[in-house]
Amino acid sequence: MSNSNPFLSGLTVTRRDLLGAFAAAAMVSAVPFGAYAQAAAPASGTAQAIADHFSGVTTMQGEFVQFGPRGEQTGGKFFIQRPGKLRFNYDDPSPMRVIADGRNVAIGNTKLKTWDLYPLSKTPLSLLLAQHIDLSAGMVKRVKEESDLTTIALGNNTVFGNSTITMMFDPKTYDLRQWTITDNQGKDTSVMIFNVKTGMQFDDRVFRVPYETIPGTPQSRD
């Protein structure tokens with residue numbers, strides 16, 4: 001299995017385990033990660049209100065632009081259904097698809113007709129897709145409040161090592177604008193979302209992982 005896919009660069013707790021950073025949404029001019037306070041401050045009422053609002057958004061869809069750790073840029077459409085489900089369809093000519101079905105994250109190449117499979121619970125992406133974002137549960141690494149942006153960084157050293165996911169919200173509307181996953185090597189992949197709609201219903205097929213085509217899964221042996 002190759003790690004050349006920029007989406008996978010760090011989708012790993014360690015590079016050996018193949019789980020790491022999924023998407024770091026940040027403008028190119030965003031504040032460097034190291035510029036945050038050294039220790040996590042207690043989450044403010046505003047930060048918890050934002051987290052509660054985001055937790056209450058059960059479905060989202062829109063467009064994204066992804067910036068890889070080497071500056072490569074791709075775009076496409078995304079779909080989210082809480083808890084645990086996500087789909088990224090990359091624009092042509094990229095053949096990539098990313099699907100999380102609540103159990104696993106599947107990275108597919110439609111041209112090569114291949115899929116790689118990773119446990120969702122072992123990736124920081126699981127924090128973004130959680131049923132409820134609890135800022136009092138010891139997950140908070142950093143909170144930064146500014147007039148135009150509220151930034152909340154989450155992680156769990158036991159599960160993800162030094163990998164973190166940093167979510168950036170509009171402090172007025174509480175809408176998610178971008179998120180950042182930083183891997184154990186300090187590398188970021190960036191995703192910024194726009195033209196977002198919420199409250200729709202998705203067909204179950206949107207988040208269906210084709211296990212029957214993935215070697216080694218029970219369905220592929222049926």
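Restricting attention to segment 89-127, which residues are hydrophobic (A, V, I, L, M, F, W, C) and either out of contact with any strand residue (DSSP E or B) (no Cβ under 6 Å at 6 or more places or on another chain) or without any contact (Cβ under 8 Å) to a residue 40 or more places away in the chain (or both)? Full working, then the answer.
Quick first cut of segment 89-127, residues hydrophobic (A, V, I, L, M, F, W, C) only: 96, 98-100, 105-107, 112, 115, 117, 120, 125, 127.
Hits for segment 89-127 are Leu112, Leu120, Leu125, Leu127.
Which residues, counting only those in segment 110-139, are more than 19 Å from Trp179 (Cα to Cα) and surrounded by 15 or more Cβ atoms within 10 Å (Cβ to Cβ)?
The first filter runs over segment 110-139 and keeps only residues more than 19 Å from Trp179 (Cα to Cα), leaving 110-119, 136-138.
Matches in segment 110-139: Thr114, Trp115, Asp116, Leu117, Tyr118.
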Checklist entry - For Gly10, which of the numbered conditions (1) modelled with pLDDT of 50 or more; (2) under 17 Å from the mean Cα position of the chain (by Cα) fails to hold? => result (1)
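Does Gln81 satisfy the criteria of being at pLDDT 95 or above, under 18 Å from the mean Cα position of the chain (by Cα), of a type outside the set (Phe, Trp, Tyr) and closer than 20 Å to Ile181 by Cβ?
Working: at pLDDT 95 or above: yes; under 18 Å from the mean Cα position of the chain (by Cα): yes; of a type outside the set (Phe, Trp, Tyr): yes; closer than 20 Å to Ile181 by Cβ: yes.
Yes; evaluated as a whole, the condition is true for this residue.
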Item to check | Complete set of residues in segment 59-78 that are in contact (Cβ under 8 Å) with a residue 60 or more places away in the chain and polar (S, T, N, Q) | outcome: Thr59, Gln61, Gln66, Thr74
Item to check | Candidates Phe54, Phe22 - the one that is at pLDDT 90 or above, at negative phi and among the aromatic types (Phe, Trp, Tyr) | outcome: Phe54
Item to check | Subset tally (residues that are closer than 20 Å to Arg82 by Cβ and assigned to a loop (DSSP other than H, G, I, E, B)) for segment 186-201 | outcome: 3
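What are the residues in segment 163-185 that are assigned to a loop (DSSP other than H, G, I, E, B), out of contact with any Pro (no Cβ under 7 Å at 6 or more places or on another chain) and surrounded by 13 or more Cβ atoms within 10 Å (Cβ to Cβ), if any? Before the answer, list the steps.
Initially, segment 163-185 is screened for residues assigned to a loop (DSSP other than H, G, I, E, B), giving 163, 170-175, 183-185.
Right, trim to out of contact with any Pro (no Cβ under 7 Å at 6 or more places or on another chain) and you get 170-175, 183-185.
Answer for segment 163-185, where residues must be assigned to a loop (DSSP other than H, G, I, E, B), out of contact with any Pro (no Cβ under 7 Å at 6 or more places or on another chain) and surrounded by 13 or more Cβ atoms within 10 Å (Cβ to Cβ): Asp170, Pro171, Tyr174, Asp175, Asp183, Asn184, Gln185.
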Next on the checklist: Of the conditions (1) in contact (Cβ under 8 Å) with a residue 40 or more places away in the chain; (2) in a loop (DSSP other than H, G, I, E, B), Gly138 satisfies every one except a single condition; which number is it?
Outcome noted: (1)
Item to check | Residue pairs meeting the criteria (Cβ under 7 Å; at least 6 apart or on separate chains; first modelled with pLDDT of 95 or more and in a helix (DSSP H, G or I), in segment 202-221; second surrounded by 14 or more Cβ atoms within 10 Å (Cβ to Cβ) and acidic (Asp, Glu)) | outcome: Phe207/Asp101
Checklist entry - Is segment 144-153 home to any residue that is in contact with a strand residue (DSSP E or B) (Cβ under 9 Å, 6 or more places away or on another chain), outside any loop (DSSP other than H, G, I, E, B) and under 25 Å from Glu72 (Cβ atoms)? => result yes
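Given segment 84-124, what strands (runs of 3 or more DSSP E) lie entirely inside it while holding 3 or more residues that are over 19 Å from Val191 (Cβ atoms) and either among the hydroxyl-bearing types (Ser, Thr, Tyr) or modelled with pLDDT of 90 or more (or both)? Write out each step before concluding.
On the way: elements: 85-90, 96-101, 104-109, 114-119.
By residue number, 114-119.
Collect the residues in segment 140-151 that are closer than 11 Å to Ala47 by Cβ and either surrounded by fewer than 19 Cβ atoms within 10 Å (Cβ to Cβ) or in contact with a Phe, Trp or Tyr (Cβ under 7 Å, 6 or more places away or on another chain) (or both), keeping them in residue-number order.
Of the residues in segment 140-151, the ones closer than 11 Å to Ala47 by Cβ are 140, 142-145, 150-151.
Once the filter is applied, which keeps residues that are closer than 11 Å to Ala47 by Cβ and either surrounded by fewer than 19 Cβ atoms within 10 Å (Cβ to Cβ) or in contact with a Phe, Trp or Tyr (Cβ under 7 Å, 6 or more places away or on another chain) (or both), segment 140-151 yields Arg142, Lys144, Glu145, Thr150.
Return the residues of segment 69-83 that are touching a Pro at 6+ places or on another chain (Cβ under 8 Å) and either in a strand (DSSP E or B) or buried (at least 20 other Cβ atoms within 10 Å of the Cβ) (or both); say none if nothing qualifies. Step through it out loud before you land on a result.
Filtering segment 69-83 down to residues touching a Pro at 6+ places or on another chain (Cβ under 8 Å) leaves 69-70, 72, 74.
Passing the criteria: only Thr74.
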Checklist entry - Which members of segment 152-162 meet the condition of being hydrophobic (A, V, I, L, M, F, W, C) and buried (at least 18 other Cβ atoms within 10 Å of the Cβ)? => result Ile152, Ala153, Leu154, Phe160
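The values are calculated or read from the model by the stated rules, or taken from the named source; none is laboratory data. All of these numbers come straight from a predicted model, not from anything done at the bench. Because the Cβ atoms are built from the backbone with ideal geometry, glycine has one as well, and the counts that use them run over all protein chains shown.
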